Amino acid sequence: MDYPDQHHLRAAIGWLELGNPTEANEELDQISPSLRSDPDVLELRWAILASAKKWEACLETGNVLVQLAPDRPTAWKHRSVALHFLKRTQEAYEQMSPAIDKFPQDWVIRYDFACYCAQLGKLEEARAQLQKASELGDAGKVKSMALEDPDLEPLWAEIRAPKKNLGQD
């Protein structure tokens, strides 16, 4: 991506970081039409849509991302997050499942998958995925996130308990 499109992409990122998704979206709209399906542009578009809680549009963008950039873990995450927020957690679980094997070292995929498992009542699987996320990522951060994530509420008592296998003794 060359100037001025790269400039618009960077400006959009800046606007979104400043909490102004409207300006971010306007910058993305100035990118050449032929580059609007670039995965970097689509990922930023997804983030803008998510900030507005436009989950149907996020799902559409996530589906396109998985088709265009199947080797990006974020594509798989975005699609499943949208499904989950659309109250289609079973589909989020099914769509994220292949990503576990495709990206075995990605702790966020494991973490998100644990959330879907917990919400579907698959608590043993949720425990295993949360444990793996903790091993792959920063165990303290994973535990802290898990204790604030309502999706993992079924496991909160276990996570808080001392000597649990989440990398914290």
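Data overview
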read-out	value
Residues Arg160 and Lys54, FRET efficiency given R0 of 41 Å [Cβ-Cβ distance, rounded to 0.05]	0.70
Accessible surface, the chain, averaged per residue in Å² (probe 1.4 Å)	53
Cβ-placed point charges (K, R +1; D, E -1), dipole of the chain about Cα centre in debye, nearest 20	600
Among His84, Ala161, Ile31 the positive-end extreme of the charge dipole of the chain (Cβ point charges)	Ala161
Mean ellipticity per residue at 222 nm, deg cm²/dmol - from DSSP H runs of n ≥ 4 across the chain, formula -39500 (n - 2.57)	-21500 deg cm²/dmol
Mean separation of Cα contacts under 8 Å (6+ apart) over length of region 94-164, as relative contact order %	27
Taking region 25-68 and dividing mean pair separation by its residue count, relative contact order in percent (alpha carbons under 8 Å, at least six apart)	34
Cα-based Lys proximity count in region 1-134, under 24 Å, for pairs eight or more positions apart or on separate chains	12
Prolate/oblate/rounded call for the chain, Cα gyration tensor, a/c under 1.5 rounded	prolate
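The values are calculated or read from the model by the stated rules, or taken from the named source; none is laboratory data. All figures in this text were calculated on a predicted structure; none of them were measured in a lab. Note: ideal-geometry Cβ built from the backbone for every residue, glycine included; neighbour counts use all protein chains shown. For accessibility, only protein heavy atoms count, side chains too; no ligands or nucleic acids. Shrake-Rupley method; radii C 1.70, N 1.55, O 1.52, S 1.80 Å.
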